[in-house]
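**Student:** What follows is a structure written as structure tokens; I'll ask about it next.
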Amino acid sequence: MTYQDARPATGLQDAILRHLTYTIGKDTAHATLHDWRMALSYAVRDKIVDSWFVSTRTAYEAGAKRVYYLSMEFLIGRLLGDALVNLRFDAEAKAAVEGLGLSFDAVLHDEPDAALGNGGLGRLAACFLESLSTLACPAMGYGIRYEHGLFRQSFEDGRQIEQPETWLQQRHAWEFERPEAMYRVGFGGHVADQDDRAVWTPAEAVLAEAHDTPVVGWQARWTNTLRLWGARAGDPLDLKRFNHGDYVGAAAAEMLARSISRVLYPDDTTPAGKELRLKQEYFFTAASLHDILRRFDSEHGDIRALPDKVAIQLNDTHPAIAGPELVRLLHDERGLPFDEAVDLARRTLNYTNHTLLPEALEKWPVDLMRHLLPRHMMLIDRIDADHAAHFPARPTPIVADGEVNMGTLSFVMANRVNGVSALHTELVKQTVFADLHALHPERIVNQTNGVTPRRWLHACNPRLSGIITGAIGEGWVGDLEQLSGLEPHLDDAGLQDAIAGAKRANKVDLSNWVSATHGVSLDPDAMFDVQIKRIHEYKRQHLNILEAVALWQAIRANPNAGWTPRVKIFGGKAAPGYVFAKKIIHLINDVARVLNADPVTSPFLKVVFLPNYNVTLAERLIPASDLSEQVSTAGKEASGTGNMKFALNGALTVGTLDGANVEIRDHVGAENFFLFGMTAPEVVARRAVPDHAGQAIAADPRLAAALEAIHQGAFSSDDPNRYHDITGNLRGPDYFLVCSDFTDYWRAQRAVDAAYRDGAHWTRMAALNTARSGWFSSDRTIRGYMADIWGATSLRPGA
Ligand code: 26V
């Protein structure tokens, strides 16, 4: 059918056709799926713009305090489906698109997944933007418009292969270029004293060009902006070289400048220490601060009111140079006394810590900092000396051993410092910032992470969403705590059946997709056991695969013991330089190949590693999951946010007392959570036991046999020694205590099996997880930031 055969065009169809014709320049006979998707996106974007203008005007007229969220990463994923849901336009759009003879699903899936982030930190920033809009908090996100997001992952003979990601090869449908918001950002050069003032003359400068994406909140009551900076050369062509016939050389400056926003660094644990990374950090931080001050100036007079009108959140230490940069702007460029500049900056800035892993805490060589940002290095030294002078008894230097500690700098320059779960915040106080916490006991606060229920339940799981709305009305989408209203209905057999039916249907959808795209057939009645996250030793995907090997051996030994069928699904990328993590991926793929081909065991146990895990894949997997693997070594996972998405969608957790797992268990009830493993203090004690791994292996024949099979090459017959690095590590140092937690993990997994066999009881536990997860909305988190950190208020009464 073509659209001409359909009923008279609706308003939305008109808008789509208008954009197809006049924006895209295509007629319906020649339009591709991409053209249609763009036309729909523009039609939807038009609707958002109306709300955007109202919000902008309202914030301006109210003279309200503004919140600025500075983040190197915004892992936004696809935007069309989310925008439609928040505009309450999804049903109409589906009808309009289908009325034009197109598959709505195909149109939605044509959109590239914007992977402008590595993992949890970037996705949290995206959820926060949506909640800031939902709560009508006047806010803006600032980041980098990477040309290439996180690499695409594929497997070759089970090994991870990285390919460049190219989301911007097509036009980005949601953005507006803002050539009028363009700033020069300088690097290098020298600093001179002039009339008692420092004057920095950079050696080179690039331009930061703004691209705005509107972020619409639930029910389109408010729309904020995500402003991403692209780098360009001040002078695109070196005319002198051009006129001498050196056409390539003439464009070199442009190439160099553009490299700053070319690609997202894919290593989310070890700061590469690379000059380009520091350039990226200063580039987007400086452009954002210029922009913030320009807006402040246009709305308010006295710069001394800055902390009353502006709150800036630093998402990890990546924008930590904001401290010295703001001091530079206030002191050098606006002439405020140094002390006052520091005081104003400190009352404006706040910092979120997202990890305690020592290798992830950013430190920059003093020489590099001085070379790239000479004035900032002077200011850092002065801020450091100043702080030391105030607290001579307990010096905590920012600069030590030839390096600038960006965590210490962020702490010293922040009004509030926050951790991202209750446990993590306590550990922040006791470990990395123990000394600074003693000096500033009021500074560290907790804000447990959350996730937006619009994307992570309502949009990605329409079946469950519909059932919930049928039972308690639709208020829960904007006020997730209302999910508790489900509990009294859970004895209703009809509701339980509906919830079980929705999960089953989601699993059928996933199975069909996996079979069509990856050629593996999955039984939707098997338990879907899912671990999706970056591959890291501390997240312990190898604990999970070790258990799979042990289970495979147990099934082979006794195939008729009534095993509970399971499919273990993995997804996640390893940093390209993280050799051990890549080995873990290879091992999982090797184990999958052997197990899936075993006719005796495969009816009970399959293993699948889905390539290129991203936001879109998460949206497919989470609604179809029964079991959520949250098995990090206690004390290592700052919070986790995937754990919340699973619980919200009615998956039960098998997990350690780590990060927000602790709070999830408190909320859903210990009887609805499969706990195992050592606590954070037990982990510390266990590490001190000599040969802890050897002891654990000696005490558990299953563990010994699983390790031995891997070591002997049972899954790598072409290269029997392939996994000796892994087995050697686990039998030796085993820093992340895989062996010491294995026995209890096995016990918990068998309890999971038994529970799953009682279908009605399992469904009840799953439904209780949904009903009791309302607290994990990022709306709750953002309310916490507004009240305890930013002193910001909503411009929508009652929000
Ligand atoms: C660090 C680096 C180092 C330099 C190269 C690029 C890069 C990119 C990101 C990071 C930060 C990693 C920290 C992180 O993502 N932490 C995660 O934050 C989540 C949100 O708070 C939290 O749920 C996870 O537990 C935590 O691991």
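**Student:** So who's got an amide H within less than 5 Å of the one on PHE609, skipping anything under 5 residues away but keeping other chains? H placed 1.01 Å off N, in plane.
**Tutor:** HN-HN under 5 Å from PHE609: PHE570.
**Student:** Using a simple charge model, +1 on the beta-carbon of Lys and Arg, -1 on the beta-carbon of Asp and Glu, nothing else, what dipole does the range 453-775 show about its Cα centre, in debye to the nearest 20?
**Tutor:** 680 debye
**Student:** Let me ask something else about it. Within the range 88-121, what residues put their amide N at less than 20 Å from the label point 7 Å along the Cα-to-Cβ vector of ASP479?
**Tutor:** Only 88 pass the distance filter.
**Student:** Can you give the direction-averaged projected area of the convex hull of the alpha-carbon atoms in the range 129-240, in nm²?
**Tutor:** Details: hull surface 54.4 nm².
Averaged projected area of the range 129-240's Cα convex hull equals 13.6 nm².
**Student:** Could you check the simple spin-label distance between GLN695 and ASN560, using points 7 Å along Cα→Cβ, in nm with one decimal?
**Tutor:** 4.2 nm
**Student:** Can you tell me the mean projection area, over all orientations, of the convex hull of the range 41-199's alpha carbons? Units nm², please. Kindly include the intermediate steps, with their values, before the conclusion.
**Tutor:** Details: hull surface 61.8 nm².
Convex hull of Cα atoms, orientation-averaged projection: 15.5 nm².
**Student:** Rounded to the nearest Å, what's the spacing between the alpha carbon centres of the range 376-391 and the range 525-592? Just the number, please.
**Tutor:** One Cα centre to the other: 49 Å.
**Student:** Still on this structure, I have one more. Work out the charge dipole of the chain with +1 on the Cβ of Lys and Arg and -1 on the Cβ of Asp and Glu about the Cα centre, then indicate which of ALA760, PHE528, MET38 is farthest towards its positive end.
**Tutor:** ALA760
**Student:** Over all alpha-carbon pairs of the range 699-799, lay out the pair-distance distribution in 10 Å bins, whole %, shortest bin first.
**Tutor:** 12, 22, 18, 20, 19, 8, 2
**Student:** Moving on to the next point. How big is the shadow of the Cα convex hull of the range 565-710, averaged over all directions, in nm²? Display every interim value, and only then the final one.
**Tutor:** Working: hull surface 42.0 nm².
Average of the hull's projected areas for the range 565-710 equals 10.5 nm².
**Student:** Same structure, new question: ³J(HN,Hα) across the range 192-205 via Karplus (A = 6.51, B = -1.76, C = 1.60, θ = phi - 60°), whole Hz, x for Gly/Pro?
**Tutor:** For the range 192-205, the Karplus curve yields 10, 8, 9, 6, 6, 10, 7, 10, 9, 10, x, 7, 9, 9 Hz.
**Student:** For ILE161, list long-range residues whose amide hydrogen, built 1.01 Å from N in the peptide plane, is under 5 Å from its own amide hydrogen.
**Tutor:** Distant-sequence amide H within range of ILE161: SER154, PHE155, GLU156.
**Student:** Still on this structure, please answer the following. Ranking request for peptides 92-98, 415-421, 458-464: highest mean number of other beta-carbon atoms within 10 Å first, then the rest in descending order. Spell out each step's value before the answer.
**Tutor:** Working: 92-98: 19.3, 415-421: 23.6, 458-464: 21.1.
For the peptides 92-98, 415-421, 458-464, the packing ranking is 415-421, 458-464, 92-98.
**Student:** Give me the distance in nm between label points sitting 7 Å out from Cα along the Cα-to-Cβ direction at GLU333 and ARG159, one decimal.
**Tutor:** 4.8 nm
**Student:** Summarise the long-distance tail of P(r) for the range 453-775 by giving the % of C-alpha pairs beyond 26 Å.
**Tutor:** Values: 23457 of 52003 pairs.
Value for the range 453-775 (Cα pairs over 26 Å): 45 percent.
**Student:** Assuming 0.36 nm per residue, please report the length gained on full extension of the stretch ALA91 to ALA493 beyond their Cα-Cα distance.
**Tutor:** Numbers: separation 402, 0.36 × 402 = 144.72 nm, distance 2.91 nm.
Full-extension gain reported as 141.8 nm.
**Student:** Run the quick spin-label model on HIS34 and ARG620: label points 7 Å from Cα toward the beta carbon, then report their separation in nm to one decimal.
**Tutor:** Result: 2.1 nm between the two label points.
**Student:** Hey, if you put +1 on the Cβ of every Lys and Arg and -1 on every Asp and Glu Cβ in the chain, which of ALA341, ALA459, GLN169 ends up farthest toward the positive end of that dipole?
**Tutor:** ALA459
**Student:** With all protein chains present, how much of the accessible area of the chain (probe radius 1.4 Å) comes from carbon and sulfur, to the nearest whole percent? Don't skip to the end; give the middle numbers.
**Tutor:** Details: 15360 of 29180 Å².
Ligands and nucleic acids excluded, carbon and sulfur reach 53 percent.
**Student:** Same structure, new question: What residues have an amide H closer than 5 Å to that of VAL520, excluding those fewer than 5 places away on the same chain, when H is modeled at 1.01 Å from N in the peptide plane?
**Tutor:** SER515
**Student:** Continuing with this model, one more query. Please give the Cα centre distance for the range 265-334 versus the range 770-786, rounded to the nearest Å.
**Tutor:** Between the Cα centres of the range 265-334 and the range 770-786 lies a distance of 28 Å.
**Student:** Hey, another quick one. So for the chain: antiparallel DSSP bridges make up what percent, rounded to the nearest 5?
**Tutor:** Working: 37 of 83 bridges.
The antiparallel proportion sits near 45 percent.
**Student:** Here's something else I'd like to know. Compute the separation of the alpha-carbon centres of the range 37-78 and the range 229-253 and state it in Å as a whole number.
**Tutor:** The range 37-78 and the range 229-253 have Cα centres spaced 35 Å from each other.
**Student:** Then there's this: Return a whole-number percent for the relative contact order of the range 453-775, with Cα pairs under 8 Å and 6 or more residues apart as the contact set. Provide the component values of the computation, followed by the final result.
**Tutor:** Numbers: 520 pairs, mean separation 68.4, N = 323.
Rounded, it is 21 percent for the range 453-775.
**Student:** Listed highest first by mean packing, meaning other Cβ atoms within 10 Å per residue, what order do 47-55, 754-762, 570-578 come in?
**Tutor:** Put in order of decreasing packing, that is 570-578, 47-55, 754-762.
**Student:** Calculate for the chain the 222 nm mean residue ellipticity that helices alone would give, adding -39,500 (n - 2.57) per DSSP H run of length 4 or more and normalising by residue count, nearest 500 deg cm²/dmol. Numbers along the way, then the final one.
**Tutor:** Working: 32 runs with 357 residues, N = 799.
Rounded to the nearest 500, the figure is -13500 deg cm²/dmol.
**Student:** Can you tell me the order of 30-40, 381-391 when each peptide is scored by its average per-residue count of other Cβ atoms within 10 angstrom, highest first? Please report the intermediate quantities before stating the final value.
**Tutor:** Working: 30-40: 19.1, 381-391: 15.1.
Peptide ranking by packing, descending: 30-40, 381-391.
**Student:** Do you know the relative contact order of the chain, to the nearest whole percent, from alpha carbon pairs under 8 angstrom that are 6+ apart? Could the numbers behind the result be given before it?
**Tutor:** Working: 1485 pairs, mean separation 104.3, N = 799.
Once divided by the residue count of the chain, the mean separation gives 13 percent.
**Student:** How many Å³ per residue does the convex hull of the Cα positions in the chain occupy?
**Tutor:** For the chain, the hull spanned by Cα atoms encloses 183 Å³ per residue.
**Student:** Could I ask something else about it? How much area per residue is accessible in the chain when the probe is 1.4 Å and only protein heavy atoms are counted (Å²)? Each step should come with its number before you reach the end.
**Tutor:** Details: 29180 Å² over 799 residues.
I get 37 Å² per residue for this part.
**Student:** Along the range 104-110, what does the Karplus equation 6.51 cos²θ - 1.76 cosθ + 1.60 (θ = phi - 60°) give for ³J(HN,Hα), rounded to whole Hz, x for Gly and Pro?
**Tutor:** 4, 4, 5, 5, 4, 7, 6
**Student:** Rounded to the nearest 20 debye, what is the charge dipole size of the chain about its Cα centre when +1 sits on each Lys and Arg Cβ and -1 on each Asp and Glu Cβ? Each step should come with its number before you reach the end.
**Tutor:** Numbers: 81 positive and 99 negative charges, 112 e Å.
Result for the chain is approximately 540 debye, rounded to the nearest 20.
**Student:** Rounded to the nearest 0.05, what FRET efficiency is calculated for ASP302 and PHE391 with R0 set to 41 Å and r the Cβ-Cβ distance? Write out the running numbers ahead of the final one.
**Tutor:** Working: r = 30 Å, r/R0 = 0.74.
E between ASP302 and PHE391, to the nearest 0.05, is 0.85.
**Student:** Which FRET efficiency value, to the nearest 0.05, is calculated for ASP523 and ARG757 with the Förster distance at 22 angstrom and r the Cβ-Cβ distance? Before the final figure, lay out each step's value.
**Tutor:** Working: r = 15 Å, r/R0 = 0.68.
Once the sixth-power term is evaluated, E becomes 0.90.
The values are calculated or read from the model by the stated rules, or taken from the named source; none is laboratory data. None of the values given here were measured: they were computed from a predicted structure. Methodologically, a virtual Cβ is constructed for each residue, glycine included, from the backbone with ideal geometry; neighbour enumeration extends over all protein chains shown. Just so you know, the surface numbers come from the protein's heavy atoms only, side chains and all, with ligands and any DNA or RNA stripped out. Shrake-Rupley method; radii C 1.70, N 1.55, O 1.52, S 1.80 Å.
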